[in-house]
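We did not get these values from a lab; they are worked out from the coordinates using the rules stated. Just so it is clear, the structure is predicted and the values come from calculations on it, not from any experiment. When we count neighbours, we look across all protein chains shown, and the Cβ atoms used for this are built from the backbone with ideal geometry, even at glycine.
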Amino acid sequence: MITINIAEEFTKLPGPRHPDQGPGSGREFLDKHLRPAFERALDTDELLTVDLDGVRYGYPTSFLEEAFGGLAREFGSDEVQETLRFVSLAEPMLDSEIRHYIKHADDPPGAGSRAAS
């Protein structure tokens, strides 16, 4: 099993959707950490566990949608759903929230979102 701990490997302060909007963006996490780990998991036929605990103030919706919805737009929702596992003792509901973004990654803007991003 491959594991990413966002707080330890990326940032304790997840930020906005895009890098030009501020540090710790969902796009930067996708490009530098999530996609490479996901591809490694696919290559080795392993699960990728994403540890969501340890950040200071939670996760902006736009960060989660860009990172995990973005991954689903690249690899397909089913592949992402089957390969990723989420761990969060602090916020157990993050699993269903992120899976929602993955499932609705290809919906037209605003159609499947829980909040405007």
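Can you tell me how many residues in region 9-28 are in contact with an Asp or Glu (Cβ under 8 Å, 6 or more places away or on another chain) and either assigned to a helix (DSSP H, G or I) or of a type in the set (Asp, Glu) (or both)?
Total meeting the criteria: 3.
With ASP78, ASP53, ASP107 as the choices, which residue is surrounded by fewer than 18 Cβ atoms within 10 Å (Cβ to Cβ) and part of a helix (DSSP H, G or I)?
Selected residue: ASP78, the only one of ASP78, ASP53, ASP107 that is surrounded by fewer than 18 Cβ atoms within 10 Å (Cβ to Cβ) and part of a helix (DSSP H, G or I).
So, ARG40, is that one in contact (Cβ under 8 Å) with a residue 24 or more places away in the chain and out of contact with any helix residue (DSSP H, G or I) (no Cβ under 6 Å at 6 or more places or on another chain) or not?
yes
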